[in-house]
Amino acid sequence: MRKAFVSIIVLLAAAILPARSQGYVSERVYVSTDRDVYVAGDELFFSAFCLNTTNGGLSDGSRTAYLELVSSDGPVQTAKVALEEGRGGGMMSLLNTIPTGNYRLVAYTAQCFNENGYDFLEGARTLSIINPFTTARASSGVEILPEEDYIQLRDGNPHPSAGGIALNTSGPVTITNNTDRPVSLSLSVYHDDGIPSPETVNPVSFASKATSGRNFTDRRTADFEGEIVRARLVGTAEDITAAEGSQAFLCIPGRIDDLYSSVIQKDGTVTFYTRNIYGDTDMVLDPGASAGNTHLEIIPPFSGVSDPDIPSLPLSTSLQERILQRSMSMQVLRATGADSLYSVLPVPSFKPFNVEPAVYHLDDYTRFPLMEELFIEYISEVSIRRTRSGRELIVSLHDDFRSVPYALQPCLALLDGVPVTDHNQLLEYDPLLVEKIVIYQNTFFLGGRTYPGVINFVTYKQNLPSYTFGDNVRVVEFQGVSYPVVSWLPDTSGQAPDLRQTILWHPQIELAPGESRTFEYCLPSYQGRFDVVVEGFDSAGNPVCAGGVIAN
């Protein structure tokens, strides 16, 4: 019997080891953009394609991609992209202070960190950015060419065509998938003002040069559900050691679905597994009351790569008028708010408590000066228990786990979605600042802990007015994943001319075999030529792209 048992263990080990080695996936991220030439202050729209170069096709592994706009000296700006079945999109507002020059747009996933010898610059896109507000130049430099030499650059970078995509630009833009596989695409229609695009990557060249990793080492957990936010405790060695095992919280005020918890490790690090936090927002980091005088700091997820081989940006003195016109268009759009005329594509939603709550809108009741009186007079789902350390909020439970008049343990109490462990603070909070009280009467699991019920005090502004955090709590600016946007709306207010440079942008178009899709657009108020570019990949990871022209 013992011999048979040992044999089973050996067989299991033999099965697990190959499975583990096969579990690593090599991912490569291609990024398309609405243009390749920008002025400082422009909106940069992008679309991400995460490819599985191990098995082919779009990757269903990572849910987050990281973008860095880098110079020869390092990152200039960063962005994050939420991925769904290998696809995602977003936008980046270029800084007004960015120096004139060429830059690389680098894209990767957390899984790429695990690949030995991974080149973060592989497949990076080259972008040209011109800043007429300053004489500052990027480290890669600017080269002023004679007009006759500069004109020759104009015809050096035609838009490639591959993969059986038909593009009709005679009226509304129509894209037809003539392949036998589903395709995923991005579409851009933009003004061609005669400034040549830099020589850069396209789906064909990206696919032909994409490598596939073979050797992996566990350095970072891949973002299989969403971005994994890592933080570290800052404080004395004694306080960090004492904080081991404490429950830490990460949350976004006003967004109860962005509430996460984890346990502080021996080395003072904390790992929060999120479902992707959208948008740039304020974040509350709470290491817990038992963490002493420590506080949490976010560990940046970006690679910090630089590229010393970025080519210089060729320019000509004849471009002065066109560059000033581009810059003026950007400034007019910003001043009139027309640069924000875009729609957001649907993003995944999540119900953290999966139960209909009891909601008390306090304006529907007689207002009391004390919070405790609300629970005594109106709110029967919650009771207040007095202990030696003060008062605790207890919720009446009705779920699949238990149905009791009131739980034995205190509930999870929130103020605008932010945990408040000392319930006395909430009971002493000004009820005139609270719009509603929301009560969830079910057992809730958060970060390995169980809470018998949840109560959320929601203020009118949902930004915790007049609330004082503990000394070890920090409110920090957090860069979340970008919202995927479609840009095609002209300024119809009549207050300013329509000077849009990007006429139509769609980051994610899915077409079945033989399917066609038509896109209406509105040309701006000025005359010119407009380029149409379609880029993407089919379900097997093969490149597809097409280009066309619209004359106005």
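So here's what we get for this one:
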quantity: Residues (buried (at least 16 other Cβ atoms within 10 Å of the Cβ), of a type outside the set (Ser, Thr, Tyr), under 26 Å from residue 112 (Cβ atoms) and in contact with a strand residue (DSSP E or B) (Cβ under 6 Å, 6 or more places away or on another chain)) located in region 270-295; calculated: 270, 272, 276, 277, 283
quantity: Which listed residue is outside the structural domain of residue 123 (by TED's automatic domain parsing) and closer than 24 Å to residue 124 by Cβ, from 238, 227, 244; calculated: 227
quantity: Residue match in region 167-177 (condition: free of Cβ contacts under 8 Å to residues at least 60 places away in the same chain and touching a Pro at 6+ places or on another chain (Cβ under 8 Å)); calculated: no
quantity: Strands (runs of 3 or more DSSP E) lying entirely in region 454-552 (those with 1 or more residues that are surrounded by 14 or more Cβ atoms within 10 Å (Cβ to Cβ), in contact with a Cys (Cβ under 6 Å, 6 or more places away or on another chain) and assigned by TED's automatic domain parsing to the domain that holds residue 164); calculated: 529-538
quantity: Which listed residue, of 327, 312, is at pLDDT 90 or above and buried (at least 18 other Cβ atoms within 10 Å of the Cβ); calculated: 327
quantity: Residue in region 333-356 that is in a helix (DSSP H, G or I), in contact with a Leu (Cβ under 8 Å, 6 or more places away or on another chain) and modelled with pLDDT of 90 or more present; calculated: no
quantity: Count - residues of region 197-214 that are touching a Pro at 6+ places or on another chain (Cβ under 7 Å) and of a type in the set (A, V, I, L, M); calculated: 2
quantity: Failed criterion for residue 379 (all others in (1) surrounded by fewer than 14 Cβ atoms within 10 Å (Cβ to Cβ); (2) in a loop (DSSP other than H, G, I, E, B); (3) over 32 Å from the mean Cα position of the chain (by Cα) hold); calculated: (1)
quantity: Among the residues listed as 199, 143, the single one being modelled with pLDDT under 95 and in a strand (DSSP E or B); calculated: 143
quantity: Residue in region 19-29 that is touching a strand residue (DSSP E or B) at 6+ places or on another chain (Cβ under 8 Å), part of a loop (DSSP other than H, G, I, E, B) and more than 25 Å from residue 219 (Cβ to Cβ) present; calculated: no
quantity: Some residue of region 67-79 being assigned to a loop (DSSP other than H, G, I, E, B), of a type outside the set (Val, Ile, Thr), touching a Cys at 6+ places or on another chain (Cβ under 8 Å) and surrounded by 21 or more Cβ atoms within 10 Å (Cβ to Cβ); calculated: no
quantity: Among the candidates 494, 453, residue that is at pLDDT 90 or above and at positive phi; calculated: 453
quantity: Hits in region 241-265 - residues which are touching a helix residue (DSSP H, G or I) at 6+ places or on another chain (Cβ under 9 Å) and buried (at least 22 other Cβ atoms within 10 Å of the Cβ); calculated: 243, 248, 264
quantity: Flag if residue 101 is small (Gly, Ala, Ser), closer than 15 Å to residue 52 by Cβ and touching a Ser or Thr at 6+ places or on another chain (Cβ under 8 Å); calculated: no
quantity: Residues (in a loop (DSSP other than H, G, I, E, B) and at pLDDT 75 or above) located in region 146-159; calculated: 146, 159
quantity: Test result for residue 175, aliphatic (A, V, I, L, M), buried (at least 19 other Cβ atoms within 10 Å of the Cβ) and part of a loop (DSSP other than H, G, I, E, B); calculated: no
quantity: Complete set of residues in region 411-449 that are within 18 Å of residue 357 (Cβ to Cβ), touching a Pro at 6+ places or on another chain (Cβ under 9 Å) and in a loop (DSSP other than H, G, I, E, B); calculated: 411, 416, 417
quantity: Residue satisfying condition, being closer than 17 Å to residue 191 by Cβ, in contact with a strand residue (DSSP E or B) (Cβ under 8 Å, 6 or more places away or on another chain) and in contact (Cβ under 8 Å) with a residue 60 or more places away in the chain, within set 544, 532; calculated: 532
quantity: Conditions (1) touching a residue at least 24 places away in the same chain (Cβ under 8 Å); (2) more than 25 Å from residue 216 (Cβ to Cβ); (3) surrounded by 15 or more Cβ atoms within 10 Å (Cβ to Cβ); number of the one not met by residue 63; calculated: (2)
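Here's the yes/no breakdown for (1) modelled with pLDDT of 95 or more; (2) assigned by TED's automatic domain parsing to the domain that holds residue 102; (3) in contact with a Lys or Arg (Cβ under 8 Å, 6 or more places away or on another chain):
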{"site": "15", "(1), (2), (3)": "no, no, no"}
{"site": "37", "(1), (2), (3)": "yes, yes, no"}
{"site": "51", "(1), (2), (3)": "yes, yes, yes"}
{"site": "55", "(1), (2), (3)": "no, yes, no"}
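Conditions (1) without any contact (Cβ under 8 Å) to a residue 40 or more places away in the chain; (2) assigned to a strand (DSSP E or B), marked per residue:
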position	(1), (2)
249	no, yes
261	no, yes
265	yes, no
272	no, yes
283	no, yes
290	no, no
293	no, no
297	no, yes
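The values are calculated or read from the model by the stated rules, or taken from the named source; none is laboratory data. Every value quoted in this text rests on a predicted model; they were computed, and no experiment measured them. All Cβ positions, even for glycine, are placed from backbone atoms using ideal geometry, and neighbour counts span all protein chains on display.
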